[in-house]
Amino acid sequence: MGDLAIRIDGLSKRYEIGAIQRRHDTLRDHIVHGFQSLVSRRTQASAGPTEFWALKNITLDVKRGEVLGLIGKNGAGKSTLLKVLSRITVPTTGRAEVYGRLGSLLEVGTGFSPELTGRENIYLNGAIMGMRSAEIDRKFDEIVDFSGIGPFIDTPVKRYSSGMYVRLAFAVAAHLEPEILIIDEVLAVGDAAFQKKCLGKMGDVAKEGRTILFVSHNMAAIQNLCTTGIVLANGDVVFSGSAIDASEHYLSSVSTRRSGLVDLANHPGRTKDSTPVVQSIGLLSNDRHSPYGESVKPGEDLVFEIAYDTGDAVLDNAVLGIHSPLGDRVFTVGARYSSDFRFRMSGRGTLTCRVRGVALAPGEYSVMVAMGSRIQRIDYDTVEDALSFRVETGDFFGTGESLLPGQGHFAVRSEWSMVPVSESVDTLAEA
Amino acid sequence: MSSASGMPGYAASSAPTVVIEPSRGFMDLDLMSLYRSWELVYFLAWRDVKVRYKQTAIGIVWAVLQPLATMLIFTLLFSRLSGMPSDGLPYPIFSFAALLPWTFFSQAISRSGSSLVNNAALVTKVYFPRLAIPVAAVLAPIVDFVVTFAILLVMMAYYRISPGWPLLTLPLFLLMSAVTALAVSLWLSALCVRYRDVAVVIPFLLQVWQFLSPIAYPASVVPERWRLLYSLNPIAGVIEGFRWALLGTAMPDLRLLAVSGAAVVVLLVGGVIYFRQTELTFADVV
């Protein structure tokens with residue numbers, strides 16, 4: 001067992017939904033409920049709490065030095081698993097063994113006290129995470145240096161910007177030097193430079209042979225940082241393998257491909273406070289035989305057709321956002337960015353948007369559509385992931401060569417020239 | 001980056017560092033983990049002290065003001081208006097010597113009772129021995145106690161009261177009030193996680209408790225046949241002890257003190273067991 005970092009055996013965790021809903025129980029509630037159950041046992045039985053299994057019989061071994069990516073939708077059980085492993089909550093059944101000091105970055109900065117200064121919070125937060133003060137003394141300069149807080153170290157952290165706050169918190173956590181590090185979506189914060197620093201630090205930790213459990217919705221980060229990956233769904237491990245295979249398994253399971261003409265009534269991607277306006281969206285085909293298409297070749301125009309019904313509202317803007325397979329926005333087009341758009345949409349109608357001259361690299365893309373008004377709210381109706389389409393491998397360059405995955409989002413034509421200064425004899429001879 | 005020199009050599013042992021299981025044995029109290037994290041207790045208590053008086057105009061003076069004001073009101077109400085006996089001592093110092101441990105005790109209870117709830121963000125995000133939170137909350141008001149104690153010394157000089165050898169026993173009585181506060185806090189803080197009623201009840205509880213303790217009056221006014229029942233309140237013993245140690249009143253009855261002590265021990269052991277049993281679900285319930 002010498003090379004094991006974590007051994008999880010049949011771990012399950014049950015929450016009682018009823019209990020969660022009325023968790024701020026008062027004594028009165030208990031007395032009333034007790035009384036009710038005395039009076040009529042039947043109603044009590046039927047109104048019993050509903051169970052929810054956040055984790056179902058998870059069995060998993062994590063080897064020392066493994067960088068494991070935990071992938072899954074919200075509510076799949078990732079956070080519960082991490083909470084059980086970091087001893088914040090207990091499992092309902094099963095058992096886990098942890099070999100070595102475990103540090104978690106479940107939510108950086110939770111131990112921070114806003115009134116205290118950066119210096120004071122380093123000591124407090126360090127102590128909360130299990131560092132001895134002698135250890136903090138030793139690493140203090142390194143922590144301050146890493147955070148880049150510098151002269152603000154003796155300022156109360158409530159005066160910090162949110163970026164500074166997170167940087168300091170991550171700096172403390174990163175210097176905990178645990179054998180097993182648990183990281184949950186910390187990289188969503190901070191500016192790009194600091195994120196890079198954090199990833200670098202994680203890479204260092206991994207190189208030192210320590211074990212990392214990493215949760216992220218950013219598949220690019222999972223693929224870059226992790227060696228292995230598991231996919232969780234509804235509390236079960238549904239896939240286990242290399243990080244790349246796991247993230248691809250996850251992506252293919254979540255992308256419910258909607259292509260051609262998509263009816264947007266009851267679309268799951270509609271954001272919470274949207275008023276449904278966009279009725280449908282379709283990608284017009286370049287093929288005469290069918291009106292709507294699922295794919296284009298690089299360099300072909302993208303023509304979207306948006307049917308709307310604004311009701312009584314008067315809207316004057318529409319936006320399309322194109323997302324890459326890994327979820328980042330590749331580009332945005334908006335009616336207002338077009339110089340000849342002078343329409344006001346009220347009632348029912350159709351918008352057509354032709355995106356010219358964009359040569360996307362081959363792959364799967366998804367489209368976010370939003371309609372709104374500049375005066376009121378720009379995001380009157382927003383539907384994420386409304387439509388997806390594929391860019392096929394085409395002979396864009398006219399050379400028979402095409403872009404490989406990972407070579408960027410766009411196929412871009414380029415012209416090259418060469419000015420020889422001195423040529424080798426061999427080349428001359430060949431010519 | 002420096003190497004992980006501060007940590008135990010895990011590679012040598014094949015036994016797991018931590019075993020995570022649904023529940024633990026009834027008597028598995030693991031007080032060692034609390035002992036190992038005394039630095040955390042210290043930092044939490046230190047945070048409580050710092051944060052309490054940050055951005056206040058008069059800072060730590062508040063710690064003194066409250067018992068002083070209470071002393072003035074008591075003197076006016078009980079001594080001047082109703083002629084309450086005070087064991088032959090000037091009434092102000094008689095009541096102040098009692099307000100000293102009482103203020104510490106009531107501060108400790110009211111701070112630690114809701115301490116787990118106030119630190120919910122911590123409890124649901126990081127693991128550490130949960131006992132550290134109420135223990136720190138009980139220790140924090142000791143700073144206020146020390147400051148108030150200085151005022152008492154000034155008053156003793158003013159009234160020309162010089163304590164004898166019983167002064168040496170004072171730490172024992174302070175310890176007793178801290179342990180009592182901790183015992184009560186363990187129950188209240190753990191209960192408060194589930195029943196927020198506790199937070200509402202605490203001020204009322206303290207008010208009643210104050211009248212059941214010999215602060216405004218001497219314990220000697222309690223009829224003899226009620227004394228045994230009365231001494232179940234450990235704070236009564238603590239206050240009598242303070243007056244004896246500082247002001248030279250009659251020595252507390254040792255048998256009654258033993259009853260107080262036994263009450264504290266029962267309360268504390270029960271509190272620790274209850275706390276350890278319920279702490280497993282704190283993060284789910286809070």
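The values are calculated or read from the model by the stated rules, or taken from the named source; none is laboratory data. For clarity, every value in this text was computed on a predicted model and none was experimentally measured. Don't worry about glycine lacking a Cβ; one is built from the backbone with ideal geometry, like all the others, and counts go over all protein chains shown.
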What are the residues in the stretch B:75-99 that are modelled with pLDDT of 90 or more and either within 13 Å of B:P214 (Cβ to Cβ) or crowded, with 22+ Cβ neighbours inside 10 Å (or both), if any? B:F94, B:S95, B:F96, B:A97, B:A98, B:L99
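Of all strands (runs of 3 or more DSSP E) completely enclosed by the stretch A:325-376, which ones contain at least 2 residues that are in contact with a His (Cβ under 9 Å, 6 or more places away or on another chain) and within 23 Å of A:Q223 (Cα to Cα)? Break it down into steps so the answer makes sense when it comes.
Numbers: elements: A:329-334, A:348-355, A:363-372.
In the stretch A:325-376, A:329-334, A:363-372 are the strands (runs of 3 or more DSSP E) which contain 2 or more residues that are in contact with a His (Cβ under 9 Å, 6 or more places away or on another chain) and within 23 Å of A:Q223 (Cα to Cα).
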Note on the stretch A:103-120: residues aliphatic (A, V, I, L, M), at the interface with chain B (Cβ under 7 Å from one of its Cβ atoms) and under 23 Å from A:N224 (Cβ atoms) are A:L106
In the stretch A:68-102, anything in a loop (DSSP other than H, G, I, E, B), closer than 26 Å to A:M219 by Cα and at the interface with chain B (Cβ under 7 Å from one of its Cβ atoms) is listed as A:S86
Hey, can you tell me all the residues within the stretch B:38-69 that are assigned to a loop (DSSP other than H, G, I, E, B) and without any contact (Cβ under 8 Å) to a residue 24 or more places away in the chain? B:K54, B:Q55, B:T56, B:A57, B:I58, B:G59
From (1) away from chain A (no Cβ under 14 Å); (2) assigned to a helix (DSSP H, G or I), pick out the condition that doesn't hold for B:L122. (1)
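Against the condition in contact with a strand residue (DSSP E or B) (Cβ under 8 Å, 6 or more places away or on another chain), in a helix (DSSP H, G or I) and either among the small types (G, A, S) or at pLDDT 75 or above (or both), how does A:I222 come out, does it pass? Don't jump to the end; show me each part of the working.
Numbers: in contact with a strand residue (DSSP E or B) (Cβ under 8 Å, 6 or more places away or on another chain): yes; in a helix (DSSP H, G or I): yes; either among the small types (G, A, S) or at pLDDT 75 or above (or both): yes.
So A:I222 fits the description; yes.
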So how many residues does the stretch A:121-164 have that are farther than 21 Å from A:G100 by Cα, assigned to a helix (DSSP H, G or I) and within 14 Å of another protein chain (Cβ to nearest Cβ)? 16
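Before we move on, is A:I122 closer than 21 Å to A:I183 by Cα, in contact with a strand residue (DSSP E or B) (Cβ under 9 Å, 6 or more places away or on another chain) and of a type in the set (A, V, I, L, M, F, W, C)?
Details: closer than 21 Å to A:I183 by Cα: yes; in contact with a strand residue (DSSP E or B) (Cβ under 9 Å, 6 or more places away or on another chain): no; of a type in the set (A, V, I, L, M, F, W, C): yes.
No, not satisfied.
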I'd like to know if the stretch A:206-215 contains one or more residues that are surrounded by 22 or more Cβ atoms within 10 Å (Cβ to Cβ), charged (D, E, K, R), touching a residue at least 24 places away in the same chain (Cβ under 8 Å) and touching a strand residue (DSSP E or B) at 6+ places or on another chain (Cβ under 9 Å). yes
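With respect to A:D184, is the statement that it is within 14 Å of chain B (Cβ to nearest Cβ), under 13 Å from the mean Cα position of the chain (by Cα) and either surrounded by 22 or more Cβ atoms within 10 Å (Cβ to Cβ) or at pLDDT 75 or above (or both) true? Explain how you work it out, then say what you get.
Working: within 14 Å of chain B (Cβ to nearest Cβ): yes; under 13 Å from the mean Cα position of the chain (by Cα): yes; either surrounded by 22 or more Cβ atoms within 10 Å (Cβ to Cβ) or at pLDDT 75 or above (or both): yes.
It is true that A:D184 is within 14 Å of chain B (Cβ to nearest Cβ), under 13 Å from the mean Cα position of the chain (by Cα) and either surrounded by 22 or more Cβ atoms within 10 Å (Cβ to Cβ) or at pLDDT 75 or above (or both).
Residues being within 21 Å of B:A178 (Cα to Cα) and not aromatic (F, W, Y): count how many of those fall in the stretch B:256-286. Write out each step before concluding.
Residues of the stretch B:256-286 that are within 21 Å of B:A178 (Cα to Cα), as a first pass: B:256-276.
Checking which are not aromatic (F, W, Y) leaves us with B:256-273, B:276.
So the answer is 19.
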Out of all the residues in the stretch A:335-368, which are out of contact with any Phe, Trp or Tyr (no Cβ under 9 Å at 6 or more places or on another chain), at pLDDT 85 or above and closer than 21 Å to A:E384 by Cβ? A:M368
One residue is enough: does the stretch A:341-353 have a residue meeting the conditions closer than 15 Å to A:L283 by Cα and surrounded by 14 or more Cβ atoms within 10 Å (Cβ to Cβ)? yes
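Looking at the stretch A:298-313, which of its residues are outside any strand (DSSP E or B), surrounded by fewer than 16 Cβ atoms within 10 Å (Cβ to Cβ) and of a type in the set (D, E, K, R)? Reasoning before the result, please.
In the first step, residues of the stretch A:298-313 are kept if they are outside any strand (DSSP E or B); the result is A:298-301, A:310-313.
From what's left, surrounded by fewer than 16 Cβ atoms within 10 Å (Cβ to Cβ): A:301, A:311-312.
Selection gives A:D301, A:D312.
If you take the residues of the stretch A:67-84 that are under 14 Å from the mean Cα position of the chain (by Cα) and charged (D, E, K, R), which of them is nearest to A:S104 (Cα to Cα)? Full working, then the answer.
Looking only at the stretch A:67-84, we keep the residues that are under 14 Å from the mean Cα position of the chain (by Cα), and these are A:69-76, A:78-79.
Keeping just the survivors that are charged (D, E, K, R) gives A:73, A:78.
Numbers: A:K73: 21, A:K78: 14 Å.
Checked the stretch A:67-84; the qualifying residue nearest to A:S104 (Cα to Cα) is A:K78.
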Could you check A:D263 against (1) surrounded by 18 or more Cβ atoms within 10 Å (Cβ to Cβ); (2) within 27 Å of the chain's Cα centre (by Cα) and say which number it fails? (1)
Contacts under 8 angstrom Cβ, first residue in the stretch A:278-291 being exposed (fewer than 15 other Cβ atoms within 10 Å of the Cβ), partner charged (D, E, K, R) and at pLDDT 90 or above, 6 or more apart: none
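Here is a check on your reading of the model: is B:V143 outside any loop (DSSP other than H, G, I, E, B), touching a residue at least 12 places away in the same chain (Cβ under 8 Å), more than 10 Å from the chain's Cα centre (by Cα) and crowded, with 17+ Cβ neighbours inside 10 Å?
Numbers: outside any loop (DSSP other than H, G, I, E, B): yes; touching a residue at least 12 places away in the same chain (Cβ under 8 Å): yes; more than 10 Å from the chain's Cα centre (by Cα): yes; crowded, with 17+ Cβ neighbours inside 10 Å: yes.
Against the criterion (outside any loop (DSSP other than H, G, I, E, B), touching a residue at least 12 places away in the same chain (Cβ under 8 Å), more than 10 Å from the chain's Cα centre (by Cα) and crowded, with 17+ Cβ neighbours inside 10 Å), B:V143 qualifies.
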Residues of the stretch B:172-213 being under 12 Å from B:V135 (Cα atoms) and small (G, A, S), in sequence order, are B:A178, B:A181, B:A183, B:S185, B:S189
Restricting the first residue to the stretch A:94-109 and requiring it to be of a type in the set (D, E), which pairs with a second residue that is outside any strand (DSSP E or B) and modelled with pLDDT under 80 meet a Cβ separation below 7 Å and a spacing of at least six or different chains? A:E97/B:P16
Taking the stretch B:203-253 and the residues there that are hydroxyl-bearing (S, T, Y) and surrounded by fewer than 21 Cβ atoms within 10 Å (Cβ to Cβ), the one that is modelled with the lowest pLDDT would be B:S220
Condition first: surrounded by 19 or more Cβ atoms within 10 Å (Cβ to Cβ) and touching a strand residue (DSSP E or B) at 6+ places or on another chain (Cβ under 7 Å). Now tell me which residues in the stretch A:102-116 satisfy that. A:L102, A:G103, A:S104, A:L105, A:L106, A:L116
Can you tell me which residue within the stretch A:150-179, out of those that are modelled with pLDDT of 85 or more and touching a Lys or Arg at 6+ places or on another chain (Cβ under 7 Å), is farthest from A:G209 (Cα to Cα)? A:D154
The condition from (1) at positive phi; (2) surrounded by 23 or more Cβ atoms within 10 Å (Cβ to Cβ) that B:P134 misses is numbered (1)
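Conditions tested, residue by residue: (1) within 30 Å of A:G282 (Cβ to Cβ); (2) touching a Gly at 6+ places or on another chain (Cβ under 9 Å); (3) outside the structural domain of A:P298 (by TED's automatic domain parsing); (4) at pLDDT 85 or above.
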site	(1), (2), (3), (4)
A:G408	yes, no, yes, no
A:A411	yes, yes, yes, yes
A:W416	no, no, yes, yes
A:V425	no, no, yes, no
A:A429	no, no, yes, no
